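What follows is one structure encoded as structure tokens, with my remarks underneath.
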Amino acid sequence: MLTHNQLNNTTTSTASEKHLSVRSPLDGKLLASLKESNKAELNELTGLAQKAFIHWSATPVKERVQVFYNYLSLLRENKQQLAQLVQLENGKTLDEASAEIEKSIELTEFACSLPQLCAGQTMEVSKGVECKTIYSPLGVVASIAPFNFPHMVPHWTLPNALVLGNTMILKPSELTPLSSLKIAEMLESCGLPKGVLNIVNGGKEIVEAICDHPDITAVSFVGSTPVAKIVYKRATGNYKKALALGGAKNHLLVLPDAHPDMTAGNVVASMSGCAGQRCMAASVMLAVGNVDHIITKMCDEARKIIPGQNLGAVISAKAKERIEHYITSAEQQGAKILVDGRNSLVRGKEKGYYVGPTIIDHVSPEMSVATEEIFGPVISIIRVNSLEEALAIENKNPFGNAAGVFTQSGALADRVIKQVSAGMVGVNVGVPVPREPFSFAGWNDSKFGSGDITGESSIGFWTQLKKITTKWNPEAKVNWMS
């Protein structure tokens, strides 16, 4: 059992009296007791990060990136061990945890390409006069990560931010801090200098302290929309850069001409993968016209998904209770439960937190299961008569992370692509997460701030652009450009 905090990339104690108990969702067993960080520790860490920034930012980017080339090799070598840690603290299946590590590897690969992408521009704008741009790091930045991808989401931010010359305070979810501690340990072994990456543990209090700290220049956040709004408002209110990614209510439009087997498999995988605890999960299916044959196949596919075997746990007992309440509420309001995942138990892991795949039919657009983020392996089917009706429901949705359409018609797919109000769209793809170098981010109430958190557009968030004009030729004819 772990009993430490990570301070300045080293194991140490903290003056805080509070502790975080980290339990495995798989069986409810205690994994770690971590001392909770407080404002005094955050001040100390930020001071260390400021000192480290002086040397780290002055190190050429081609040298900074060597740390991440080393780290990339270490990620590949330890993939199985890292996946097992994710499974233990998050509850997802080992295959899903392994896929998460693969995505972390891909994100680190992209970070290793940044020296070629952040080279800036140079142009002779007049005889003997040169203009150029430099991407300058911001200073000490912060990343606040969620529980659902404890290894991958930190890699949305820290490789890019650090390669670009910043130093960082990383605040993992208090439910899943162990992967972040391991990341810091591995990066230190790869040559990351002391103070460049620093981890704080805790909940609301430490998040508020990060948003308020005068020496933290930028904050990224991934989590629920209500908290994203609070973080964004508080951080920007303190004159920081902020990018806060919130929740989602992703709609999949299924048309009568959709390929039955492919559609059924993809929709069910989208709603149940990672136990539905991902902001790209399918939550609402808009059944356009007669698609009963596809719904029947979906139910068959869902019944093949067994908690504790090919379906992981949800994060906590509270989450299980909340998800099952949504299902019961829909049933009481007249919806029909086609596949019921309530009261799931796994033999030998009776204290684990499991909800089976759930398909709810004949849901009306105003029901809570149709409008609120459930974050569980549940999909609600709303039946509509036309594509116009489906698009109207999708676009009324306040979120805007993802949307998808299942059809064999290119013309209809193109219409959906152009009209849905979502930042990421799939055609016959249930989870349209872009691969690097394409960036991740939604629209509307799924994102607050400008730019995206990954990909090339993240360079603009983690840096500020410096423009230099140079003249070395006094003999050159002077005009308005010189």
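Key figures for this structure:
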{"item": "Looking only at region 398-425, and only at residues there that are more than 23 Å from residue 448 (Cβ to Cβ) and in contact (Cβ under 8 Å) with a residue 40 or more places away in the chain, the one that is nearest to the chain's Cα centre (by Cα)", "result": "404"}
{"item": "Filter result (under 24 Å from the mean Cα position of the chain (by Cα) and either among the acidic types (Asp, Glu) or under 14 Å from residue 253 (Cα atoms) (or both)) within region 373-395", "result": "373, 379, 380, 394, 395"}
{"item": "Candidate set: region 451-473, residues that are within 15 Å of the chain's Cα centre (by Cα) and of a type in the set (S, T, N, Q); chosen: the one farthest from residue 119 (Cα to Cα)", "result": "454"}
{"item": "Selection within region 434-450 - outside any loop (DSSP other than H, G, I, E, B) and over 13 Å from the mean Cα position of the chain (by Cα)", "result": "444, 445, 448"}
{"item": "Some residue of region 398-408 being touching a Ser or Thr at 6+ places or on another chain (Cβ under 9 Å) and either closer than 24 Å to residue 87 by Cβ or surrounded by fewer than 20 Cβ atoms within 10 Å (Cβ to Cβ) (or both)", "result": "yes"}
{"item": "Some residue of region 337-350 being farther than 30 Å from residue 86 by Cβ, out of contact with any Lys or Arg (no Cβ under 9 Å at 6 or more places or on another chain) and either touching a residue at least 12 places away in the same chain (Cβ under 8 Å) or not small (Gly, Ala, Ser) (or both)", "result": "yes"}
{"item": "Among residues of region 258-286, those that are polar (S, T, N, Q) and either out of contact with any Phe, Trp or Tyr (no Cβ under 8 Å at 6 or more places or on another chain) or not assigned by TED's automatic domain parsing to the domain that holds residue 402 (or both), counted", "result": "3"}
{"item": "Some residue of region 61-84 being closer than 29 Å to residue 316 by Cβ, modelled with pLDDT of 95 or more and small (Gly, Ala, Ser)", "result": "yes"}
{"item": "Condition check for residue 431: under 15 Å from the mean Cα position of the chain (by Cα), surrounded by 19 or more Cβ atoms within 10 Å (Cβ to Cβ) and within 25 Å of residue 257 (Cβ to Cβ)", "result": "yes"}
{"item": "Candidate set from region 113-160 (those that are under 24 Å from residue 224 (Cβ atoms) and without any contact (Cβ under 8 Å) to a residue 60 or more places away in the chain); member that is surrounded by the fewest Cβ atoms within 10 Å (Cβ to Cβ)", "result": "152"}
{"item": "Complete set of residues in region 295-336 that are hydroxyl-bearing (Ser, Thr, Tyr) and in contact (Cβ under 8 Å) with a residue 40 or more places away in the chain", "result": "316, 326, 329"}
{"item": "Restricting region 317-365 to residues that are buried (at least 21 other Cβ atoms within 10 Å of the Cβ) and β-branched (Val, Ile, Thr), the residue that is nearest to residue 286 (Cα to Cα)", "result": "363"}
{"item": "Count of region 349-404 residues which are part of a strand (DSSP E or B), touching a Pro at 6+ places or on another chain (Cβ under 7 Å) and over 17 Å from residue 295 (Cβ atoms)", "result": "1"}
{"item": "Positions within region 429-447 being basic (Lys, Arg) and within 25 Å of residue 264 (Cα to Cα), in sequence order", "result": "435"}
{"item": "Residue among 289, 237, 195 that alone is touching a residue at least 60 places away in the same chain (Cβ under 8 Å) and outside the structural domain of residue 393 (by TED's automatic domain parsing)", "result": "195"}
{"item": "Selection count where residues are surrounded by fewer than 21 Cβ atoms within 10 Å (Cβ to Cβ) and hydroxyl-bearing (Ser, Thr, Tyr), scope region 229-287", "result": "2"}
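The values are calculated or read from the model by the stated rules, or taken from the named source; none is laboratory data. Every value quoted in this text rests on a predicted model; they were computed, and no experiment measured them. Virtual Cβ from ideal backbone geometry, glycine too; neighbours counted across all protein chains shown.
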